[in-house]
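The values are calculated or read from the model by the stated rules, or taken from the named source; none is laboratory data. Nothing here was measured: the structure is a model prediction, and the numbers come from that model. Don't worry about glycine lacking a Cβ; one is built from the backbone with ideal geometry, like all the others, and counts go over all protein chains shown.
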Amino acid sequence: MIEIIVALTLSALVLTAGTFMLSNYLRTFKKLSVAIERNQIKQFVLNKVTSDIIFAEGINKSSGPDLLILYLKGDTLRYDYFNQKVRRRTNKSTAYLSEPGEINSLSFTYPQPGLVLIALNANKTGAYCRNEK
Amino acid sequence: MIEVLLTLAILVIIGGAFLFFFKTGLNAQADADEFFQALNACRMALEELRATPWSQLRSSAHITLTPVTYDLYQVQLRYNWHPGRKPIEILTLRSKYQ
C-alpha cells in the first residue's frame, strides 16, 4: 500500500513539474517568436525604405516628418504611417509593409539635402539619395 | 519520504536548468534587438558621412578618417554597442568624387 502512495506522489510531482516546464517553454517560445518576427519586419521595412531612398532620383520638397515622397524610375513613391501600418504607395499601387501593432511609429527628418533620417520605433537609421538630379 | 525529497531535488535542478535556458533565449533576443539598433546607427553615421561635402569631412567620436591619397579617405567606424561585447567595426573608403 505504501509503495503505491509513494509511486503516486512521485508521479504527481513529475507530472506537475513537467506541466510547469512545458507551459513555461510554450510561453517563452511564443514571446520569442513574436519579438523575432517584429524585429524581422522592422528590418525589412527599414531595408525597403533605405534602398528606395538610395536609388531615388530625388526627394520631393513637400516631404515632411510624416510623409516621404521620392521620385524613382519615373514614378512617385510615397511612404507614410497609416492606420498603424507602414504604407508604400506608387502612382499605380498601394502596399502595406506591416500589420497593425507591428510598428508603432515612423517618421522622417531631412538634416541635409539628399539625406533622410528614418525613425522607426526605437530604431534610427539614414539613407543618402545618391542619384539626385 | 526520502524518495519524495530526492525527486523534488532532481526536479528543482532540472527545472532551474530549463528556466536558465529560457532566460538565456530571452536575453539573446534582447541582445539581437540592441545589435540591430546599433547596426542601424552605424548605417546612419556612414550615410551622413556620404552626404557630407568633401571639404567638411572630419573624424568624429565613432569615425576615424585616414587620408589614403589626396582624393581618398579610409573610413573606420567603431561603435561600442554593449559593454563587454565586441564593438562593431566597419572599414570603407570615401572618394572625393560623388
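Table for the structure above
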{"item": "Set B:A45, B:A9: member being among the small types (G, A, S), in a helix (DSSP H, G or I) and either facing chain A (nearest Cβ under 10 Å) or in contact (Cβ under 8 Å) with a residue 60 or more places away in the chain (or both)", "result": "B:A45"}
{"item": "Residue check for A:S98: part of a helix (DSSP H, G or I), closer than 30 Å to B:F22 by Cα and not β-branched (V, I, T)", "result": "no"}
{"item": "Count of residues meeting criterion [closer than 27 Å to A:Y110 by Cβ and not in a loop (DSSP other than H, G, I, E, B)] in the stretch B:78-92", "result": "4"}
{"item": "Of the criteria (1) modelled with pLDDT under 95; (2) closer than 27 Å to B:P53 by Cβ; (3) not charged (D, E, K, R), which one A:L32 fails", "result": "(2)"}
{"item": "A:E99 vs. criteria within 14 Å of chain B (Cβ to nearest Cβ) and touching a residue at least 12 places away in the same chain (Cβ under 8 Å)", "result": "no"}
{"item": "Residue check, A:K31 closer than 30 Å to B:A9 by Cβ and either among the charged types (D, E, K, R) or out of contact with any Cys (no Cβ under 6 Å at 6 or more places or on another chain) (or both)", "result": "yes"}
{"item": "Selection within the stretch A:64-119 - more than 28 Å from A:A35 (Cα to Cα) and crowded, with 17+ Cβ neighbours inside 10 Å", "result": "A:I69, A:L70, A:Y71, A:L77, A:G114, A:L115"}
{"item": "Inter-residue pairs, beta-carbon under 6 Å, first without any contact (Cβ under 8 Å) to a residue 60 or more places away in the chain and within 7 Å of chain A (Cβ to nearest Cβ) and in the stretch B:20-39, second part of a helix (DSSP H, G or I) and among the small types (G, A, S), 6+ apart", "result": "B:Q29/A:A35"}
{"item": "Some residue of the stretch A:43-53 being surrounded by fewer than 16 Cβ atoms within 10 Å (Cβ to Cβ) and assigned to a strand (DSSP E or B)", "result": "no"}
{"item": "Residue satisfying all of: in the stretch B:50-77; hydrophobic (A, V, I, L, M, F, W, C) and part of a helix (DSSP H, G or I); surrounded by the most Cβ atoms within 10 Å (Cβ to Cβ) among these", "result": "B:A51"}
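Residue-wise test of (1) more than 18 Å from the chain's Cα centre (by Cα); (2) closer than 30 Å to B:F22 by Cα; (3) modelled with pLDDT of 90 or more; (4) away from every other protein chain (no Cβ under 14 Å).
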{"site": "A:I2", "(1), (2), (3), (4)": "yes, no, no, no"}
{"site": "A:M21", "(1), (2), (3), (4)": "yes, yes, no, no"}
{"site": "A:R27", "(1), (2), (3), (4)": "yes, yes, yes, no"}
{"site": "A:Q40", "(1), (2), (3), (4)": "no, yes, yes, no"}
{"site": "A:F55", "(1), (2), (3), (4)": "yes, no, yes, no"}
{"site": "A:P65", "(1), (2), (3), (4)": "yes, no, yes, yes"}
